[in-house]
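Novice: There's a structure below that I have some questions on.
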Amino acid sequence: MTSREQEIQRRIASSKIGISKAVFPFITNHHTLFGDTALGWMDEISFIPATRFCRLSIVTVSSDRVDFKHPIPGGSITGIFRFVAIDEDRRRRAILADFPMEKGEAA
């Protein structure tokens with residue numbers, strides 16, 4: 001395993017989190033979780049591991065598609081996540097851009 005791969009694995013390990021959310025009646029519609037609340041939770045939960053992994057400012061730029069395949073009933077406990085990084089010019093950025101690819105290689 002290269003030093004880059006080792007660093008990625010180390011960052012993955014340090015980026016893992018566990019969060020649970022309760023689905024209370026006031027965040028339900030017809031006794032199931034509001035979709036906008038689920039999307040907000042995904043964004044919130046994504047921020048923490050994404051920031052730990054990338055060590056950059058993280059924002060949600062877009063979401064191409066979200067399919068709600070199963071309702072989440074009131075009284076449930078749940079959790080979710082995902083992320084992307086961009087640079088100062090709002091272009092996609094390599095997550096480890098400054099980390100050498102191989103031993104002795106400049107970034």
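Novice: Using the Kirkwood formula on the Cα atoms of segment 3-78, what hydrodynamic radius do you get, in angstrom to one decimal?
Specialist: Here the Kirkwood hydrodynamic radius works out to 14.4 Å.
Novice: What order do you get for 58-70, 31-43 when each peptide is scored by the mean count of other beta carbon atoms within 10 Å, highest first?
Specialist: Packing order, densest peptide first, comes out as 31-43, 58-70.
Novice: Another one. Could you list which residues have their amide H under 5 Å from that of Leu33, counting only those 5 or more apart in sequence or on another chain, with H placed in the peptide plane?
Specialist: Ile72, Gly74
Novice: Suppose a student asked you for the relative contact order of segment 3-78, using Cα pairs under 8 Å spaced at least 6 residues apart; what percent would you report?
Specialist: Reported relative contact order: 49 percent.
Quick note: the coordinates plus some simple rules give every number you see, no bench work behind them. Everything numeric here is computed off the predicted structure, so don't read it as measured data. Glycine also receives a Cβ, built like all others from the backbone with ideal geometry; neighbour counts cover every protein chain displayed.
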